[in-house]
Amino acid sequence: MSYPSFNSGDVLTATDMNAVGLWKIVPTGATNGTVDADGDVTVGSGVSSVTVSGVFGSNYDKYRISINNIVASTGGDLRFQLGTTATGYYGVYNYQVYTGTSSVFYQNNTANSYIGGLGTIAGEQSIIFDIFNPNKATRSVWHGQSYGNGYYFNFGYQIADTTQYTSFVISPGTGTLTGGTITVYGYK
């Protein structure tokens, strides 16, 4: 279907409306966090990880995940994992430090994917990325950008399996997480 064009006075059908925009997903649950009425997940206080459940399904093949304002007990990396799968993550991330230095890292069959830096100051961290096919019997792929703890990240990953996932986990490389918001959108 091409991009819809609406005119003043048009009757909008369900088919028309279902084809446009990002649609906010309301998770069925969040371990170590709470889901509000709008579907945002608020990270708990001093938690070692957050599992967001019931977000990937058959309605969408593509999702956008936004994570912001998480405060870490120690500076470091934020990690992303699909379901409970702890191996088979392949990808690359590139980061630039605010001092101007940069590096590129490749990951091969690791336990999770690095999606950004975490700082100890509220408001200095934000991540946005798209994930493709997490609930289809094919490989899932995701890529995006983030800023946190003085690091700007670009990243891209795939998982080498065909599991149909419904949930994901975020966790720090070290220490704990407090506060911040996780929001998931589906799009066609």
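No lab work stands behind these numbers, since they all come straight from the coordinates. Small disclaimer: the values here were computed from a predicted structure and weren't measured. We place every Cβ from the backbone using ideal geometry, glycine too, and count neighbours over all the protein chains shown.
Some values worked out for this structure:
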| read-out | value |
| --- | --- |
| Loop-located chymotrypsin sites (Phe, Trp or Tyr not before Pro) in segment 12-109 whose Cβ has at most 15 other Cβ within 10 Å (DSSP) | 98 |
| Contour excess over end-to-end distance, with Cα ends at residue 84 and residue 139 and 0.36 nm allotted per residue | 18.3 nm |
| Computed over the chain: relative contact order in percent, which uses C-alpha pairs under 8 Å that are six or more apart | 32 percent |
| Calculated over the chain: convex hull of Cα atoms, volume per residue (Å³) | 140 Å³ |
| P(r) weight above 20 Å for segment 1-92, C-alpha pairs, percent | 54 percent |
| 16 Å reach of a label modelled at residue 6, 7 Å along Cα-to-Cβ, counting backbone N of segment 22-40 | 22-24 |
| Cβ charges +1 (Lys, Arg) and -1 (Asp, Glu), total dipole of segment 22-187, debye | 260 debye |
| Volume per residue that the Cα convex hull of segment 97-188 spans, once the total is divided by residue count, Å³ | 121 Å³ |
